[in-house]
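Asker: Can you read through this structure? Questions will come right after.
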């Protein structure tokens, strides 16, 4: 593969910002295919709550890693990295441009930079940590992480139980801080990367998020969550859109409160996504999703560098 002639266009941004529409348009413009880096759209059983693009929305453009796995099995960012790199090797035979898009920063980073080599962990440790989280909430886990790995504690998203549990799982299983296993040098990739981030004015974005949640509820999100309830401990379901309904099903609050929390937590999730992609403001070129001409011009310019 000639790196100078192969380009991975990465399009990231918060939930409901408009990534799907733009990426389909880009794929049609460049006559190429799309790889989803949304860590929940992988699962066939999760459609409404993940805002998975419908066949009509896909407009005949091939989407990879949508409905590719079952919720009955675990899937990691490391496995995603390896599968996407193998797929890209095949796609770049026919295409000079491929599009990678999603709001899951860890999965995007896995493809672009590689994943850290983590030690084997004891499943019993994860089970104990998950049980502690269910019984006492996130704070005891945060306190433990601060004690065992203050360096990672200072960096971790403290509202993300999956990240906290994963770090503690490694700390307790290995006897070493989670941060000691994290790689500081990104791996080289045999293609160029063109990074684009999308955003809207905060009020506009939040309005779109509220509208999306209303649409999901009208489409049957509650029933989808009810069917997925037996798998509620799965990492992919420890997230906005499902967890609120699981708590409603368990009688923790009424339906009106569940809907309020769905919208509030979705807005908070979008804010965390923006924080992740804005860690290094120079890493991504930021656009409004409707800046079509400017986005295409930027891609063409970077491809000709």
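The values are calculated or read from the model by the stated rules, or taken from the named source; none is laboratory data. Here the structure is a predicted model, which is why all the values come from computation and not from measurement. Counting neighbours? That spans all protein chains shown, and the Cβs are built from the backbone with ideal geometry, glycine included.
Asker: Taking the stretch 11-32, which residues are in contact with a strand residue (DSSP E or B) (Cβ under 6 Å, 6 or more places away or on another chain) and either part of a loop (DSSP other than H, G, I, E, B) or surrounded by fewer than 22 Cβ atoms within 10 Å (Cβ to Cβ) (or both)?
Answerer: 13, 17, 30, 32
Asker: If the Cβ limit is 6 Å and pairs must be 6+ apart or interchain, which residue in the stretch 74-87 that is surrounded by 14 or more Cβ atoms within 10 Å (Cβ to Cβ) pairs with which residue that is modelled with pLDDT of 95 or more and part of a helix (DSSP H, G or I)?
Answerer: So the pair list comes out as 81/111; 84/111.
Asker: Return only the number of the condition from (1) touching a residue at least 24 places away in the same chain (Cβ under 8 Å); (2) more than 21 Å from residue 14 (Cα to Cα); (3) assigned by TED's automatic domain parsing to the domain that holds residue 16 that residue 130 does not satisfy.
Answerer: (3)
Asker: Out of 142, 168, 151, I need the residue that is touching a residue at least 24 places away in the same chain (Cβ under 8 Å) and surrounded by 14 or more Cβ atoms within 10 Å (Cβ to Cβ). Which one?
Answerer: Numbers: 142 fails: touching a residue at least 24 places away in the same chain (Cβ under 8 Å); 151 fails: surrounded by 14 or more Cβ atoms within 10 Å (Cβ to Cβ).
None of the other options fit; the residue is 168.
Asker: Sticking with this structure for a sec: Residue check: is residue 189 in contact (Cβ under 8 Å) with a residue 24 or more places away in the chain, within 22 Å of residue 12 (Cβ to Cβ) and over 19 Å from the mean Cα position of the chain (by Cα)?
Answerer: Numbers: in contact (Cβ under 8 Å) with a residue 24 or more places away in the chain: yes; within 22 Å of residue 12 (Cβ to Cβ): yes; over 19 Å from the mean Cα position of the chain (by Cα): yes.
Spelling it out, residue 189 is indeed in contact (Cβ under 8 Å) with a residue 24 or more places away in the chain, within 22 Å of residue 12 (Cβ to Cβ) and over 19 Å from the mean Cα position of the chain (by Cα).
Asker: Looking for whichever is surrounded by fewer than 13 Cβ atoms within 10 Å (Cβ to Cβ) and either touching a residue at least 12 places away in the same chain (Cβ under 8 Å) or closer than 19 Å to residue 106 by Cβ (or both) here; the options are 280, 199, 265, 235. Which one fits?
Answerer: Numbers: 199 fails: surrounded by fewer than 13 Cβ atoms within 10 Å (Cβ to Cβ); 265 fails: surrounded by fewer than 13 Cβ atoms within 10 Å (Cβ to Cβ); 235 fails: surrounded by fewer than 13 Cβ atoms within 10 Å (Cβ to Cβ).
None of the other options fit; the residue is 280.
Asker: On to the next question. Find the residue count for the stretch 33-66, including only residues that are more than 13 Å from the chain's Cα centre (by Cα), closer than 22 Å to residue 244 by Cβ and buried (at least 21 other Cβ atoms within 10 Å of the Cβ).
Answerer: Number of matching residues: 2.
Asker: Hey, can you tell me all the residues within the stretch 100-129 that are under 17 Å from residue 42 (Cβ atoms) and either part of a helix (DSSP H, G or I) or in contact with a helix residue (DSSP H, G or I) (Cβ under 7 Å, 6 or more places away or on another chain) (or both)?
Answerer: We begin by selecting, within the stretch 100-129, every residue under 17 Å from residue 42 (Cβ atoms); these are 100-111, 115.
Result: 100, 101, 102, 103, 105, 106, 107, 108, 109, 110, 111, 115.
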